[in-house]
Amino acid sequence: MILESLGKTTLSVIKQTREVFLLLGQSLYWFFVGPFKKKPVSRKGFFAQTVFAGVESLAIVFFVDFFIGMVLAMQSAYQLQQLGATIYVAALVGVSMTREIGPVLTSLVIAGRVGAAITAELATMKVTEQVEALETLSLNPVRYLVVPRFLALLLMLPCLVIVGDLIGMFGGFVVGVTQLHLTPGLYFDTTINFLTIKDIMTGLLKSAVFSIIITMIACHQGLSTEGGAEGVGRSTTRSVVTSFILIIIADAILTALFYFAKT
Amino acid sequence: MSDKEIVISVRNLTRNFGERRILNGINLEICQGETLVIMGGSGCGKSTLLRHLIGSMKPDSGEVWMFGQDIAKANEDELDQIRKKFGMLFQSGALFDSMTVGENIALPLREHAKLDEDIISIIIKMKLELVGLRGFENLMPSQLSGGMKKRVGLARALVMDPKIIFYDEPTAGLDPVMTGVVDKLTIDLTRKLNITSVVVTHDMGSVFRIADRIVMLHQGNVLQIGTPDEIKHSKNPIIQQFITGAAEGPISFMQTGDNYLEHLTSKIKE
Ligand SMILES: Nc1ncnc2c1ncn2[C@@H]1O[C@H](COP(=O)(O)OP(=O)(O)OP(=O)(O)O)[C@@H](O)[C@H]1O
Ligand SMILES: [Mg+2]
């Protein structure tokens, strides 16, 4: 019994993984080949998605990253004070924000906000025959629905991560200056001295990978929805949970790669 | 009928959903310029049959020929070309709810035809006029009633001037007058423009107003194909019950049969 259900789960995971990669392949196909077939990505759709995924996510990214930056500063100050090295709070906040916390946290927030919205929208379209209607109008759903979302998030998530990194460091700065008696100039200089371009680039690379995970999972879940309103709810939950797990796994793999690549 | 060109030809179409066989070897030929009505009980597979005709579902076996091509085997590009020649009205209307009524109707034009925006706006107005919705182009689908959505769906299906139109219950949820309007539209399109119509409907009034031929589906099979007169005077008790709408008859709705008690108590015995 247990073996049987384990086998079934494994099979379904393999099948879904295959489908997600197929979807990614089709998206890339439509992005690169579409323009030559006179079927480019809809600029209007792309623009609308950019505003939704990027601009309208700014507030929540500000909020989350600012407070995480503050928390990070306080937590590290608690340790570093015992060594009399409070100034390294600036370095620690800067490096961990850009390399790790910024990309991962921002991506998780976006998976919850944008990923869920994408799945819910596409799933609703699927169960109300709108996806089928697109097909009968000779409009490919991948080209028309998936690619604009994919490109928009691929562009906007790294931007949001940069914003989040800066806000996080600012949160740390506020704590450092008001609570840890560091001068603003010193805090600023220390941050700059310890940050390298590579830190920022690894963070951005991570966020690009995460953005692909978010849109591909969200679109795949949405377009494979069946069974009315209940199905929409189920897909949306599954989309967010799957994105979360995959983001964490991808983060571990990428971090390990960067770590071993260095040595 | 034999003198007319056949535009759709369905051969031995079967389709299962899981264990259940929904379509069980359907054979059907549809001629240029006729209105074919598909009848059958709720859940007997009428919408599923339409989905196979428009190529959005693939059959388990069998063929669907349209414009000289087997659309069950056509690739995406070929399918796109065929799809531009027909329109489909979905059972729920299937309007895109992120777009206004006008944008819904204009979408196929904007995507497939390089037309001036002025011309597009005139075409939208013309199509809305046809379905009795003048001045509604700036409303969102969520602001429309069910019947209005369906009529917008019809306007969208008509916008590319298709050669074949598929209707899934075009008049369900419409008032008697609007039903008459949509019926008349179907008749006009066939008689005047020689468009082929394939209509799924339960509305017996409409059926006999619009149909050139009628197909009766039952349990995944074609029970009978014939002209409205032939169907009306059919000896088949199932068809007679369907036309008259009698509760008692061979289409058993109430499970008064001998196994009903058995069915009710099946859990208890286990
Ligand atoms: N995607 C699907 N997956 C599984 N079963 C399905 C699916 N679509 C339809 N069915 C089943 O196929 C049968 C026929 O459905 P269909 O929608 O074609 O009926 P219908 O004749 O159009 O009914 P109605 O007149 O109520 O619209 C139903 O019993 C339904 O449960
Ligand atoms: Mg139906």
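The values are calculated or read from the model by the stated rules, or taken from the named source; none is laboratory data. Remember, predicted model here, so these are calculated numbers, not experimental data. Ideal geometry is used to build each Cβ from the backbone, glycine not excepted, and the neighbour counts take in all protein chains shown. Accessible surface is based on the protein model in full, side chains and every heavy atom, while ligands, DNA and RNA are left aside. Shrake-Rupley method; radii C 1.70, N 1.55, O 1.52, S 1.80 Å.
Numbers at a glance
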read-out: Among the candidates B:ASP80, B:ASP168, B:ASP188, residue that is open to solvent by less than 60 Å² (accessible area, probe 1.4 Å), within 12 Å of chain A (Cβ to nearest Cβ) and without any contact (Cβ under 8 Å) to a residue 24 or more places away in the chain; value: B:ASP80
read-out: Residues being in a helix (DSSP H, G or I), over 23 Å from A:PHE258 (Cβ atoms) and open to solvent by less than 50 Å² (accessible area, probe 1.4 Å) - total across region A:67-104; value: 5
read-out: Residues satisfying the stated conditions in region B:2-33, i.e. part of a strand (DSSP E or B) and near ligand 1 (Cβ under 8 Å from one of its atoms); value: B:PHE17, B:ARG20, B:ILE22
read-out: B:LEU217 being within 15 Å of the chain's Cα centre (by Cα) and either within 16 Å of ligand 1 (Cβ to nearest atom) or away from chain A (no Cβ under 14 Å) (or both); value: yes
read-out: Some residue of region A:45-54 being closer than 19 Å to A:VAL174 by Cα and either within 14 Å of chain B (Cβ to nearest Cβ) or more than 18 Å from the chain's Cα centre (by Cα) (or both); value: no
read-out: Every pair of residues 6+ apart whose Cβ atoms lie under 9 Å, when the first sits in region A:20-48 and is farther than 9 Å from A:ARG143 by Cα while the second is open to solvent by 70 Å² or more (accessible area, probe 1.4 Å) and among the polar types (S, T, N, Q); value: A:ALA48/B:SER98
read-out: Neighbours by Cβ (under 7 Å, 6+ apart or cross-chain): first from region B:209-233, within 21 Å of B:GLN32 (Cα to Cα); second open to solvent by 50 Å² or more (accessible area, probe 1.4 Å) and part of a helix (DSSP H, G or I); value: B:PRO228/B:PHE208
read-out: Tabulated pairs, region B:194-206, first more than 16 Å from B:LEU50 (Cβ to Cβ), second of a type in the set (Phe, Trp, Tyr) and within 13 Å of ligand 1 (Cβ to nearest atom), C-beta under 9 angstrom, 6+ apart or interchain; value: B:MET204/B:PHE242
read-out: Hits in region B:34-51 - residues which are open to solvent by 10 Å² or more (accessible area, probe 1.4 Å) and in a loop (DSSP other than H, G, I, E, B); value: B:GLY41, B:SER42, B:GLY43, B:CYS44
read-out: Selection from region B:192-214 of residues that are within 14 Å of chain A (Cβ to nearest Cβ) and away from ligand 1 (no atom under 16 Å from the Cβ); value: none
read-out: Complete set of residues in region B:85-107 that are within 22 Å of the chain's Cα centre (by Cα), under 20 Å from A:ALA123 (Cα atoms), in a loop (DSSP other than H, G, I, E, B) and more than 16 Å from ligand 1 (Cβ to nearest atom); value: B:LEU95, B:PHE96, B:ASP97
read-out: Filter result for the condition that a residue is in contact (Cβ under 8 Å) with a residue 60 or more places away in the chain and under 29 Å from B:MET160 (Cα atoms), over B:GLY41, B:GLY45; value: B:GLY45
read-out: Among (1) away from every other protein chain (no Cβ under 14 Å); (2) within 16 Å of ligand 1 (Cβ to nearest atom); (3) not hydroxyl-bearing (Ser, Thr, Tyr), the one test that B:GLU63 misses; value: (2)
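Let's see how each residue does on (1) under 30 Å from B:ILE54 (Cβ atoms); (2) within 14 Å of chain B (Cβ to nearest Cβ):
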{"site": "A:TYR144", "(1), (2)": "yes, yes"}
{"site": "A:PHE170", "(1), (2)": "no, no"}
{"site": "A:VAL175", "(1), (2)": "no, no"}
{"site": "A:THR178", "(1), (2)": "no, no"}
{"site": "A:LEU186", "(1), (2)": "no, no"}
{"site": "A:ILE212", "(1), (2)": "no, no"}
{"site": "A:CYS219", "(1), (2)": "yes, no"}
{"site": "A:LEU223", "(1), (2)": "yes, yes"}
{"site": "A:GLY228", "(1), (2)": "yes, yes"}
